[in-house]
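Here's the structure, in structure tokens; my notes come after.
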Amino acid sequence: MRLFLAFLLCLTSLTVTVGQTVSPTRIVLTDARQQPLPGATVRLVSRTDSLRPINTLTDSVGVARVSLQTGVLYSLTATMVGMKPLTKGIRPTANQTLFRFVLDTDAKTLGAVNVVAQKPLMRQEDDMTVVDPEPIANSSTNAFEIIERTPGLFVDQDGNVYLNSSTPANIYVNGREQRMSASDLATMLKNLPPNSIEKIEIMRTPSAKYDASGSGGAVNIVLKKGVKLGRTGSVTANMSQGRFGNQGVGVNLSNSNGGRSSYGNLNFSHRDNYEQTTTVRQLANGQTVSQDAFARQPAEVLFAGWGTSLETANRWTLSVDGRASHGVSHYQTDNLNLIRLGANTRSQTQNDVVNRGRTIAFMQGFATQYKIDTLGSEFTTDLSYSYLTNTTGQDYSNQMTLPKPMLLLGDGTFQTGRHFFTAMADLRYKLPHKITLETGLKTAWQQFSSRTEFFTQTETLRQADRFRTNTFDYTDGIHAVYAQASKGFGAFLLKTGVRLENTNMTGHQRVPRDTTFKVNRTDLFPYVYLSRKVAKIAGYELRAYLVYRRSITRPGYEQLNPFARYIDQFLYETGNPALQPQFTQNIEANVSANEMPILAIGRNDSRQLFTSVLYQDPTTPSVAFRTYDNLGFNRETYFRLLGGIPPGGKFFFAVGAQYNHNQYTGQYEGQPLAFSRGSWSFFTFQQIKLDTRSTVNINGFYRLRGQQQFYELGDFGNLNISVNRYFLNRKLMGALSVSDVFYTNRNTFTLTQGNIVAEGARRADTRRFGVNIRYNFGMKKRDESQNPFSFDALERNSR
């Protein structure tokens with residue numbers, strides 16, 4: 001550790017020395033009438049380092065701000081639609097940091113300009129896949145739906161997101177790990193407006209820079225900030241109707257002026273959904289328990305997001321961002337339970353459960369960035385704090401009609417609170433000979449508390465429910481340091497690094513009995529990444545990648561909390577405080593064409609595997625409970641293929657397939673476990689341009705022989721279609737959509753492990769008809785008529 005800190009100090013000292021030769025430089029572009037040219041592209045190439053060009057855009061007043069080395073000659077190229085390109089040489093000095101240039105109008109191209117967006121849906125950037133969510137967002141009502149419809153991402157009914165593994169992926173927002181349970185995470189994503197996402201970064205094998213806890217990979221959701229020129233905004237409204245309806249309205253505002261930008265958004269949504277599950281579970285005495293549960297899940301959420309950033313003259317960027325939400329829910333479940341022996345019904349019970357919840361969430365972040373030089377060296381810091389609290393009141397009743405009438409009532413409350421704080425610092429330093437060094441520190445602290453108090457009532461007797469009354473406190477601290485370096489060797493690029501993480505976890509249950517567990521361990525996680533240019537075929541550059549990574553999956557607070565959550569008379573959920581971390585080694589080889597991932601094959605080897613299991617209650621065989629347990633070893637082999645037509649023409653499509661094969665060995669409910677299963681997943685995204693203002697989008701997936709933990713799923717899928725059209729000079733966008741067109745997103749399942757033999761079916765309110773409307777407003781009329789960068793102005797000039 002001392003050697004690493006000394007190394008970090010040396011690099012920091014070196015940045016100060018290098019920074020003395022760099023000065024902020026302004027480049028002003030105008031037309032012949034001295035009108036500013038916002039949105040012009042400026043490219044600067046140093047004569048001493050032509051391999052690392054600087055690319056930027058002019059702001060709303062036609063000024064590009066960059067940091068250049070003094071005394072060095074740069075080649076400047078300025079381009080803009082409708083203007084003739086300009087190429088000049090500049091040499092910044094201590095006395096001259098301002099350069100003014102005039103671009104001439106290109107009369108030949110201005111009269112017939114045609115803008116074609118070449119932004120791909122997916123592209124490969126080193127060890128991550130970047131997804132442009134805009135085509136999907138136009139027909140979605142929240143961020144969770146965008147994740148569901150992104151090609152290559154698979155979301156189960158519990159809200160877990162999967163990439164190429166049976167372990168769920170970690171979810172980041174703006175580079176910050178969320179560390180939430182699947183249900184809390186799904187709620188948070190459903191609260192985010194769909195047009196608030198700038199891009200989605202998919203990291204199947206994250207580097208040493210990222211947390212080692214991503215055995216299933218990582219998904220980073222990057223939110224939009226005030227990046228547009230001038231003052232802009234939008235008003236959105238959406239609705240979707242299935243059996244029940246969803247509605248939402250929102251407003252987004254952003255302002256950018258030179259080095260200052262800010263944004264804010266406010267969104268209100270009402271969601272209403274249902275889920276129906278039927279199961280038949282065999283008992284040891286030849287009897288069966290049949291259940292038919294119908295759950296309705298209405299909720300209302302008010303969401304607000306805000307942020308601001310400032311670029312200073314001394315190469316610092318300061319930014320603040322935050323979000324808050326308040327939600328109320330009223331979930332109701334009706335469940336008919338039958339115990340049968342052959343054709344005879346031995347018992348019949350009606351279970352009704354009502355949950356009334358209130359959730360408050362808050363997050364505030366503060367980040368800084370210092371640009372050390374013009375080659376891409378930088379020092380960044382990030383601090384964030386988030387708070388989440390939930391209070392739920394529950395009432396339930398068990399009305400038995402066979403073999404004799406009997407009524408059991410129960411009620412109670414459960415309260416949870418979570419505080420989460422992170423602090424990190426990262427340094428990236430560019431050296432000669434194509435060498436990049438990266439190092440950093442991170443600390444994360446989390447505190448979770450749970451308080452429940454329940455009662456039961458039969459006739460006139462009301463008493464405390466000791467089984468469900470619980471008090472549980474949990475804290476964890478994860479402290480990490482990493483270092484990695486990359487270097488180009490001709491056609492090769494090698495990146496290797498290592499991450500050291502210290503884990504401290506403490507759980508304390510005070511009620512109903514006093515129990516404590518502690519985990520304190522330090523682990524090392526290596527990372528190796530190698531890429532190479534393979535060939536160029538028909539103008540497409542092929543690049544091959546090979547990645548190795550070791551990772552850890554730690555149990556979360558929801559998986560450790562021993563509180564027994566009532567589902568119905570024959571089923572409850574509980575955590576397992578004895579869970580141990582899971583360790584995974586992953587190796588993957590993949591190929592991309594023109595930054596588009598097309599082929600991948602890999603393997604995950606996991607030991608101390610823990611997952612969701614369904615066990616039989618040892619005291620009441622008719623009752624089962626869901627929990628988590630360490631089972632043993634899992635080897636997963638996967639294969640992924642993606643192809644399509646690049647964007648830019650009338651028709652664009654991407655279609656892919658993925659095969660996963662899992663093989664488990666270990667113990668399940670005290671019995672030997674030997675289970676293997678392979679499944680295929682197919683996915684597609686297609687876009688057809690009907691004219692310059694109208695498009696048709698089609699996306700969907702289909703899964704054969706699916707798997708969720710040890711549940712063997714039947715075939716199921718989902719096909720979504722939307723038609724988008726712009727009006728009023730592209731200021732108004734309207735979209736009509738149909739989700740789950742053929743109502744195939746429902747599945748059957750079987751479970752045959754340990755003492756549990758069960759089968760059933762599950763479906764939800766997935767087939768919906770939707771309408772989305774967005775109106776954009778912003779720049780003044782004068783700017784629109786004089787700014788060829790405005791798409792509205794371009795279309796007027798082309799007519």
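The values are calculated or read from the model by the stated rules, or taken from the named source; none is laboratory data. Every value quoted in this text rests on a predicted model; they were computed, and no experiment measured them. Reconstructed Cβ throughout: ideal geometry from the backbone, glycine too, with neighbour counts over all protein chains shown. Surface accessibility is based on the protein's heavy atoms, side chains included, excluding ligands, DNA and RNA. Shrake-Rupley method; radii C 1.70, N 1.55, O 1.52, S 1.80 Å.
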Exercise. Taking +1 at the Cβ of each Lys and Arg and -1 at the Cβ of each Asp and Glu, which of His326, Asn776, Thr56 sits farthest along the dipole of the chain towards its positive end, judged by Cα position relative to the Cα centre?
Worked result: Thr56
For this session: Obtain the nm distance between the two label points defined at Leu341 and Val280 by a simple spin-label model: each point lies 7 Å from its Cα along the Cα-to-C-beta direction.
Result: 1.9
Seminar exercise, completed: For Asp106, placing the label point 7 angstrom along Cα-to-beta-carbon and taking the range 55-82, residues whose amide nitrogen sits under 19 Å are 55-58, 76-82
Problem set entry | Computed accessible area, Ser181, all protein chains, 1.4 angstrom probe, square angstrom | 10
Exercise. Based on the Cβ-Cβ distance from Thr413 to Asp158, what FRET efficiency comes out when R0 is 35 Å, to the nearest 0.05?
Worked result: 0.90
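In terms of solvent-accessible area of protein heavy atoms at a 1.4 angstrom probe, what is the ranking of Ile147, Ile698, Ile601, Ile721, highest value first?
Numbers: Ile147 5, Ile698 40, Ile601 95, Ile721 60 Å².
From most accessible down to least: Ile601, Ile721, Ile698, Ile147.
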Problem set entry | Label assignment, P(r) over Cα pairs in 10 Å bins from 0, in percent derived from the structure, set (i) 2, 10, 13, 14, 14, 13, 11, 9, 6, 4, 2, 1, 0; (ii) 2, 11, 21, 25, 20, 11, 6, 3, 1, 0; (iii) 2, 12, 20, 19, 15, 11, 9, 7, 4, 1, 0 | (ii)
Problem set entry | Ranked order, Phe742, Phe625 - accessible area, probe 1.4 Å, largest first | Phe742, Phe625
Seminar exercise, completed: In debye to the nearest 20, the charge dipole size for the range 448-528, taken about the Cα centre with +1 at each Lys and Arg Cβ and -1 at each Asp and Glu Cβ, equals 220
Problem set entry | Paramagnetic label zone (point 7 Å from Cα along Cα-to-C-beta, Leu530; backbone N under 15 Å) in the range 560-591 | 587-591
Exercise. For Leu560, what is the net charge nearby, where nearby means another residue's Cβ is under 14 Å from its Cβ and Lys, Arg count +1, Asp, Glu -1?
Worked result: 0
For this session: For His661 paired with Asn504, estimate the spin-label separation in nm (one decimal), with each label point 7 Å from Cα along the Cα-to-Cβ line.
Result: 4.5
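Dipole magnitude of the range 422-573 about its Cα centre, charges +1 at Lys/Arg Cβ and -1 at Asp/Glu Cβ only, in debye to the nearest 20?
It comes to approximately 1080 debye.
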Exercise. If each of Thr443 and His270 carries a label point 7 Å out from its Cα toward its Cβ, how far apart are those two points in nm?
Worked result: 4.7
Problem set entry | Gyration tensor (alpha-carbon) shape descriptor, the range 207-318, a/c threshold 1.5 | oblate
Problem set entry | Under the span-like rule (Cα at least 24 Å along the axis, Kyte-Doolittle mean at least 0.5), DSSP H helices of the chain | 2-19
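If R₀ is 51 angstrom, what is the calculated FRET efficiency for the pair Gln348 and Val235, using the beta carbon separation as r and rounding to 0.05?
Plugging the Cβ-Cβ distance into 1/(1 + (r/R0)^6) gives 0.45.
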Exercise. Relative to the present Cα-Cα distance, how much length would full extension add between Glu134 and Asp715 at 0.36 nm per residue of separation?
Worked result: 206.2 nm
Problem set entry | Within the range 186-225: Cβ-based charge dipole about Cα centre, in debye rounded to nearest 20 (Lys, Arg +1; Asp, Glu -1) | 120
Seminar exercise, completed: In terms of the alpha carbon gyration tensor, root eigenvalues a ≥ b ≥ c, rounded if a/c is under 1.5 and otherwise prolate when a/b exceeds b/c or oblate, the range 421-477 is prolate
Exercise. Classify the range 130-203: rounded, prolate or oblate, from the alpha-carbon gyration tensor (a ≥ b ≥ c, eigenvalue square roots; a/c under 1.5 rounded; otherwise prolate if a/b is larger than b/c)?
Worked result: rounded
For this session: Report the net charge of residues surrounding Val354, where surrounding means a beta-carbon distance below 11 angstrom and charges are Lys +1, Arg +1, Asp -1, Glu -1.
Result: -2
Exercise. How much length, in nm to one decimal, is gained on full extension between Phe362 and Ser290, taken as 0.36 nm per residue of separation minus their Cα-Cα distance?
Worked result: 21.7 nm
For this session: Work out, step by step, the length gained on full extension between Trp316 and Asp523: first 0.36 nm times the residue separation, then minus their alpha carbon distance; give nm to one decimal.
Result: 71.1 nm
Seminar exercise, completed: In the chain, taking the dipole from +1 charges on Lys and Arg beta carbons and -1 charges on Asp and Glu beta carbons about the Cα centre, the listed residue (Ile372, Thr506, Thr308) farthest towards the positive end is Ile372
Seminar exercise, completed: FRET efficiency (Tyr743, Arg47; Cβ distance; R0 51 Å; to 0.05) is 0.20
Exercise. Just the accessible area for Met406, please: 1.4 Å probe, Å², rounded to the nearest 10?
Worked result: 100
Exercise. What net charge do the residues around Ser676 carry, taking every other residue with its C-beta under 13 Å from that of Ser676, with Lys and Arg at +1 and Asp and Glu at -1?
Worked result: +1
Problem set entry | Positive dipole terminus of the range 376-497, leading residue within Ile435, Tyr474, Thr456 (C-beta point charges) | Ile435
